[in-house]
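Enquirer: Take a look at this one; I'll ask things after.
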Amino acid sequence: MKNKLTATRREFIKLGGVAMAAASLMCLSNRAVAATNAAMRSAMKYQDKPSDGKSCSGCAQFIPGKTAKALGGCKLFQGDTEISPTGYCIAWVAKPK
Ligand code: SF4
């Protein structure tokens, strides 16, 4: 009986360690997901503010975030997950109506 309890306790501690490791990895991967594509931003003269009433939220290339004001992505800026819906770049193309 005592051995069975000890084994159960060991398994519980092992599972706790695995859970902690998984939680750490999830935190790291969330950080890794948030990224910018500096080369494309520079080449396309990206800015965080609109230009002449044109903004990423009205661009056909924009990939919206979870909410209307959340950062999103751009079909042209590979790996960039921090495109502002109020941003703008020279590749702006109006969304089809
Ligand atoms: Fe914004 Fe330019 Fe991407 Fe259009 S192409 S969503 S304006 S970064």
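The values are calculated or read from the model by the stated rules, or taken from the named source; none is laboratory data. For clarity, every value in this text was computed on a predicted model and none was experimentally measured. With ideal geometry, Cβ positions are generated from the backbone for all residues, glycine too; neighbour counts draw on all protein chains shown. Please note that ligands, DNA and RNA were not included when accessible areas were found on the heavy atoms of the full protein model with its side chains. Shrake-Rupley method; radii C 1.70, N 1.55, O 1.52, S 1.80 Å.
Enquirer: Within the range 52-75, how many residues are touching a residue at least 12 places away in the same chain (Cβ under 8 Å) and open to solvent by 70 Å² or more (accessible area, probe 1.4 Å)?
Expert: Selection size over the range 52-75: 7.
Enquirer: Any idea which residue in the range 76-97 is most open to solvent (accessible area, probe 1.4 Å), counting only those that are of a type in the set (Val, Ile, Thr) and part of a loop (DSSP other than H, G, I, E, B)?
Expert: The selected residue is Ile90.
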